[in-house]
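The values are calculated or read from the model by the stated rules, or taken from the named source; none is laboratory data. Only a predicted model underlies this, so the values are computations on that prediction, with no experimental measurement involved. Note that we place each Cβ from the backbone using ideal geometry, even for glycine, and neighbour counts take in every protein chain shown.
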Amino acid sequence: MRLITAATLISISALLVGCASDETSVDQTAAKTPDATATTDPAGDAVNDRAAYVLDRSMTRIDGSEESLTNYEGNVILIVNVASRCGLTPQYEDLEALYREYKDRGLVVLGFPANNFMGQEPGTNEQIARFCSTKYDVTFPMFAKISVKGDDMDPLYAQLTTQPDPIGGKVKWNFQKYLVDRDGQVVAMFSPRVNPKDKRVRSEIERLLAAG
(Lines give C-alpha, C1' and ligand atoms only; values in the text may rest on other atoms or scores of the structure.)
Protein backbone atom coordinates (compact mmCIF):
# COMPACT_ATOMS: atom_id res chain seq x y z
CA MET A 1 0.00 0.00 0.00
CA ARG A 2 2.84 2.35 0.78
CA LEU A 3 4.31 1.83 -2.69
CA ILE A 4 0.94 2.48 -4.34
CA THR A 5 0.41 5.63 -2.27
CA ALA A 6 3.85 6.98 -3.18
CA ALA A 7 3.27 6.33 -6.88
CA THR A 8 -0.09 8.06 -6.70
CA LEU A 9 1.45 11.10 -5.06
CA ILE A 10 4.11 11.28 -7.77
CA SER A 11 1.42 11.15 -10.48
CA ILE A 12 -0.58 13.92 -8.82
CA SER A 13 2.54 16.09 -8.52
CA ALA A 14 3.27 15.61 -12.23
CA LEU A 15 -0.26 16.66 -13.12
CA LEU A 16 -0.01 19.79 -11.01
CA VAL A 17 3.26 20.77 -12.68
CA GLY A 18 1.72 20.21 -16.10
CA CYS A 19 -1.20 22.49 -15.26
CA ALA A 20 0.94 25.62 -14.82
CA SER A 21 -0.67 28.79 -16.16
CA ASP A 22 0.20 30.38 -19.50
CA GLU A 23 1.80 33.32 -17.71
CA THR A 24 4.09 31.02 -15.71
CA SER A 25 5.12 29.32 -18.93
CA VAL A 26 5.93 32.71 -20.43
CA ASP A 27 8.05 33.62 -17.42
CA GLN A 28 9.99 30.35 -17.60
CA THR A 29 10.65 30.86 -21.29
CA ALA A 30 11.79 34.42 -20.70
CA ALA A 31 14.21 33.26 -18.03
CA LYS A 32 15.97 31.03 -20.57
CA THR A 33 16.13 33.59 -23.37
CA PRO A 34 17.44 37.17 -23.68
CA ASP A 35 14.97 39.87 -22.66
CA ALA A 36 16.04 42.20 -25.43
CA THR A 37 17.01 41.52 -29.01
CA ALA A 38 18.06 43.91 -31.74
CA THR A 39 19.34 43.77 -35.29
CA THR A 40 22.68 45.32 -34.42
CA ASP A 41 26.25 44.60 -35.39
CA PRO A 42 29.11 44.39 -32.83
CA ALA A 43 29.64 48.15 -33.09
CA GLY A 44 26.00 48.75 -32.17
CA ASP A 45 24.84 50.02 -35.56
CA ALA A 46 21.46 48.88 -36.90
CA VAL A 47 21.64 46.25 -39.63
CA ASN A 48 18.82 47.57 -41.79
CA ASP A 49 19.12 44.94 -44.53
CA ARG A 50 17.24 42.60 -42.17
CA ALA A 51 14.73 45.19 -41.00
CA ALA A 52 11.29 45.78 -42.48
CA TYR A 53 9.24 48.90 -43.14
CA VAL A 54 6.11 48.66 -40.98
CA LEU A 55 4.38 52.03 -41.34
CA ASP A 56 2.63 51.50 -44.68
CA ARG A 57 -0.86 51.10 -43.20
CA SER A 58 -3.73 53.01 -41.61
CA MET A 59 -4.91 52.18 -38.09
CA THR A 60 -7.92 53.26 -36.05
CA ARG A 61 -7.19 55.58 -33.14
CA ILE A 62 -8.90 54.90 -29.83
CA ASP A 63 -11.32 57.76 -30.54
CA GLY A 64 -12.45 56.06 -33.77
CA SER A 65 -10.56 58.27 -36.21
CA GLU A 66 -8.33 56.75 -38.89
CA GLU A 67 -4.64 57.58 -39.04
CA SER A 68 -1.84 56.52 -41.34
CA LEU A 69 1.21 55.30 -39.47
CA THR A 70 3.30 57.07 -42.10
CA ASN A 71 2.50 60.21 -40.10
CA TYR A 72 5.08 58.97 -37.59
CA GLU A 73 7.87 58.40 -40.09
CA GLY A 74 10.86 60.51 -39.08
CA ASN A 75 10.32 59.64 -35.41
CA VAL A 76 11.76 56.82 -33.35
CA ILE A 77 8.73 54.69 -32.44
CA LEU A 78 8.07 52.28 -29.60
CA ILE A 79 5.13 49.98 -30.45
CA VAL A 80 3.55 48.29 -27.41
CA ASN A 81 0.56 45.98 -26.94
CA VAL A 82 -1.07 47.14 -23.71
CA ALA A 83 -3.69 45.91 -21.24
CA SER A 84 -5.52 47.40 -18.25
CA ARG A 85 -5.76 44.38 -15.93
CA CYS A 86 -2.30 42.89 -16.19
CA GLY A 87 0.43 42.64 -13.60
CA LEU A 88 2.51 44.70 -16.02
CA THR A 89 -0.12 47.46 -16.38
CA PRO A 90 1.96 49.88 -14.22
CA GLN A 91 4.34 50.03 -17.19
CA TYR A 92 1.87 52.58 -18.56
CA GLU A 93 3.39 55.06 -16.11
CA ASP A 94 6.92 54.28 -17.27
CA LEU A 95 5.95 54.42 -20.95
CA GLU A 96 4.41 57.85 -20.38
CA ALA A 97 7.52 59.05 -18.51
CA LEU A 98 9.74 57.78 -21.33
CA TYR A 99 7.57 59.52 -23.91
CA ARG A 100 7.61 62.84 -22.07
CA GLU A 101 11.38 62.66 -21.60
CA TYR A 102 12.22 62.02 -25.23
CA LYS A 103 9.29 63.29 -27.31
CA ASP A 104 10.93 66.64 -28.07
CA ARG A 105 13.88 64.72 -29.52
CA GLY A 106 11.61 62.62 -31.73
CA LEU A 107 10.38 59.60 -29.74
CA VAL A 108 6.74 58.53 -29.96
CA VAL A 109 5.09 55.64 -28.11
CA LEU A 110 2.16 53.92 -29.84
CA GLY A 111 -0.15 51.89 -27.60
CA PHE A 112 -2.26 49.05 -29.00
CA PRO A 113 -4.73 47.52 -26.49
CA ALA A 114 -5.24 43.78 -26.94
CA ASN A 115 -7.28 41.18 -25.06
CA ASN A 116 -5.26 38.12 -26.10
CA PHE A 117 -3.82 37.14 -22.73
CA MET A 118 -6.19 35.78 -20.08
CA GLY A 119 -8.81 38.43 -20.88
CA GLN A 120 -6.73 41.20 -19.33
CA GLU A 121 -8.09 43.93 -21.63
CA PRO A 122 -11.88 43.39 -21.61
CA GLY A 123 -12.95 47.02 -21.87
CA THR A 124 -14.33 49.00 -24.78
CA ASN A 125 -12.15 51.58 -26.50
CA GLU A 126 -13.97 54.30 -24.58
CA GLN A 127 -13.34 52.55 -21.25
CA ILE A 128 -9.68 51.97 -22.09
CA ALA A 129 -9.19 55.62 -23.04
CA ARG A 130 -10.79 56.77 -19.80
CA PHE A 131 -8.68 54.36 -17.75
CA CYS A 132 -5.44 55.48 -19.39
CA SER A 133 -6.28 59.14 -18.89
CA THR A 134 -7.51 59.01 -15.29
CA LYS A 135 -5.15 56.35 -13.91
CA TYR A 136 -1.88 57.11 -15.71
CA ASP A 137 -2.41 60.47 -17.46
CA VAL A 138 -1.40 58.89 -20.77
CA THR A 139 -0.74 61.42 -23.53
CA PHE A 140 1.05 59.24 -26.10
CA PRO A 141 -1.07 58.04 -29.05
CA MET A 142 -3.43 55.18 -28.24
CA PHE A 143 -5.14 53.06 -30.88
CA ALA A 144 -8.29 50.97 -30.95
CA LYS A 145 -8.21 47.47 -29.54
CA ILE A 146 -6.71 44.88 -31.88
CA SER A 147 -5.59 41.26 -31.74
CA VAL A 148 -1.87 40.48 -31.60
CA LYS A 149 -2.08 36.70 -32.01
CA GLY A 150 -4.29 34.00 -33.49
CA ASP A 151 -6.41 33.87 -36.63
CA ASP A 152 -7.64 37.46 -36.19
CA MET A 153 -4.16 38.94 -35.68
CA ASP A 154 -3.88 42.52 -36.95
CA PRO A 155 -1.72 42.85 -40.11
CA LEU A 156 0.73 45.09 -38.24
CA TYR A 157 1.46 42.33 -35.75
CA ALA A 158 1.43 39.69 -38.47
CA GLN A 159 4.33 41.60 -40.00
CA LEU A 160 6.14 42.18 -36.70
CA THR A 161 5.94 38.56 -35.60
CA THR A 162 7.15 37.16 -38.92
CA GLN A 163 10.37 39.15 -38.94
CA PRO A 164 13.63 37.17 -39.06
CA ASP A 165 15.30 36.28 -35.79
CA PRO A 166 15.95 37.76 -33.34
CA ILE A 167 12.94 40.13 -33.67
CA GLY A 168 10.31 37.74 -34.98
CA GLY A 169 8.29 35.17 -33.07
CA LYS A 170 4.97 35.24 -31.28
CA VAL A 171 4.04 37.99 -28.84
CA LYS A 172 4.75 36.50 -25.42
CA TRP A 173 2.44 38.64 -23.27
CA ASN A 174 1.09 42.16 -22.76
CA PHE A 175 3.61 44.98 -23.02
CA GLN A 176 5.97 43.43 -25.56
CA LYS A 177 7.88 46.28 -27.20
CA TYR A 178 9.08 46.83 -30.76
CA LEU A 179 11.44 49.69 -31.58
CA VAL A 180 11.21 51.31 -35.00
CA ASP A 181 13.82 53.69 -36.42
CA ARG A 182 13.21 57.03 -38.13
CA ASP A 183 12.96 55.27 -41.51
CA GLY A 184 10.03 53.16 -40.31
CA GLN A 185 12.04 49.95 -39.99
CA VAL A 186 11.67 47.67 -36.98
CA VAL A 187 15.13 47.22 -35.46
CA ALA A 188 14.64 45.81 -31.94
CA MET A 189 12.28 43.84 -29.71
CA PHE A 190 12.06 43.91 -25.91
CA SER A 191 10.12 41.23 -24.04
CA PRO A 192 7.17 42.15 -21.80
CA ARG A 193 9.01 42.17 -18.49
CA VAL A 194 11.71 44.55 -19.73
CA ASN A 195 10.65 47.84 -18.17
CA PRO A 196 10.59 50.92 -20.40
CA LYS A 197 13.09 52.49 -17.95
CA ASP A 198 15.57 49.65 -18.46
CA LYS A 199 18.97 50.87 -19.62
CA ARG A 200 18.80 48.51 -22.62
CA VAL A 201 15.66 50.24 -23.87
CA ARG A 202 16.93 53.73 -23.15
CA SER A 203 20.35 53.19 -24.71
CA GLU A 204 18.85 51.85 -27.94
CA ILE A 205 16.37 54.75 -28.09
CA GLU A 206 19.15 57.25 -27.50
CA ARG A 207 21.28 55.63 -30.20
CA LEU A 208 18.48 55.90 -32.76
CA LEU A 209 17.62 59.47 -31.77
CA ALA A 210 21.26 60.49 -32.11
CA ALA A 211 21.48 58.90 -35.54
CA GLY A 212 19.12 61.61 -36.82
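Couple of notes before you dig in:
- Condition check for K170: over 22 Å from S58 (Cβ atoms), at pLDDT 95 or above and more than 16 Å from the chain's Cα centre (by Cα): no
- Any hit, region 59-80, residues being among the acidic types (D, E), closer than 16 Å to D154 by Cα and in a loop (DSSP other than H, G, I, E, B): no
- Filter pass, A129 being within 13 Å of N81 (Cα to Cα), out of contact with any Phe, Trp or Tyr (no Cβ under 8 Å at 6 or more places or on another chain) and aliphatic (A, V, I, L, M): no
- Residue tally, condition part of a helix (DSSP H, G or I) and free of Cβ contacts under 8 Å to residues at least 60 places away in the same chain, over region 151-168: 2
- When each of V186, V201, V171 is tested for being crowded, with 16+ Cβ neighbours inside 10 Å, in the same structural domain as Q91 (by TED's automatic domain parsing) and assigned to a loop (DSSP other than H, G, I, E, B), the lone residue that passes is V171.
- Subset of region 82-114 [assigned to a helix (DSSP H, G or I), closer than 20 Å to D181 by Cα, in contact with a strand residue (DSSP E or B) (Cβ under 9 Å, 6 or more places away or on another chain) and of a type outside the set (A, V, I, L, M, F, W, C)]: E96, Y99, E101, Y102, K103, R105
- Answer residue from region 81-131, given it is without any contact (Cβ under 8 Å) to a residue 40 or more places away in the chain and of a type in the set (K, R) and is surrounded by the fewest Cβ atoms within 10 Å (Cβ to Cβ) among those: R130
- Any hit, region 115-125, residues being of a type in the set (A, V, I, L, M, F, W, C) and part of a loop (DSSP other than H, G, I, E, B): yes
- Any hit, region 181-190, residues being free of Cβ contacts under 8 Å to residues at least 60 places away in the same chain, in contact with a Gly (Cβ under 9 Å, 6 or more places away or on another chain) and of a type in the set (A, V, I, L, M): no
- Residue check for Y72: under 18 Å from A188 (Cβ atoms), assigned by TED's automatic domain parsing to the domain that holds Q176 and surrounded by 15 or more Cβ atoms within 10 Å (Cβ to Cβ): yes
- Look at (1) in a loop (DSSP other than H, G, I, E, B); (2) free of Cβ contacts under 8 Å to residues at least 24 places away in the same chain and you find that T139 fails only one, number (2).
- Among the residues here, D165 qualifies as at pLDDT below 95 and of a type in the set (D, E).
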